[in-house]
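All of the numbers you see were taken from the coordinates with simple rules; none came from a lab. Everything numeric here is computed off the predicted structure, so don't read it as measured data. All Cβ positions, glycine included, derive from the backbone under ideal geometry; neighbour counts span all protein chains shown.
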Amino acid sequence: MELKSGKYCPLLKKDCIQLQCNWFIQVRGKDMNTGKEVDEWGCSIAWLPHLLIENAGQVRQGAAATESFRNEMVKASEKSIRAMVEIANSNREDNKTMRVINASDNN
């Protein structure tokens, strides 16, 4: 059984006047719940629950992408720090040799 919404507008307290009303809009896109394409006209007030669900889904996807990006940046930062520590440690060992070479260059 398919339910259909009524035509009564609680704001006007009479039947919907459809295209004469500024809140009667066309919605196009994909239904996030079913994945089906949507291309329908309807009252923007009646569309609010659907649009809020879509918005929540988009926010979740954005948050997941941000978290993934953050994790990749942390990994890259850790690799950079390890590389800098290795370079610093190797420079400590090579520092004596560098000083001797530099001292001989000055004389």
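Mean residue ellipticity at 222 nm, helices only, the chain: -22500 deg cm²/dmol; runs of at least 4 DSSP H residues each add -39,500 (n - 2.57), and the sum is divided by the number of residues.
Farthest toward the positive end of the dipole of region 1-58, out of V27, S5, V38, is the Cα of S5, where the dipole comes from beta carbon charges about the Cα centre. Pairwise Cα distances in region 8-74 exceed 16 Å for 60 percent of all pairs.
Charge tally for G29 (other residues, Cβ to Cβ under 11 Å; Lys, Arg +1; Asp, Glu -1): -2. Sequence-distant contacts, meaning Cα pairs under 8 Å at least 6 residues apart, place the relative contact order of the chain at 13 percent.
A Cβ-based charge dipole, computed about the Cα centre of region 8-74 with Lys and Arg at +1 and Asp and Glu at -1, lands at about 200 debye. Put in order of Cβ neighbour count within 10 Å, fewest first, the listed residues F24, F69 become F69, F24. Counting only trypsin sites (Lys or Arg not before Pro) that DSSP places in a loop and that have at most 15 other Cβ atoms within 10 Å, the longest clean stretch of the chain runs over 37-107. Taking 0.36 nm per residue of separation and subtracting the Cα-Cα distance, full extension of the segment from N33 to K14 would add 3.7 nm.
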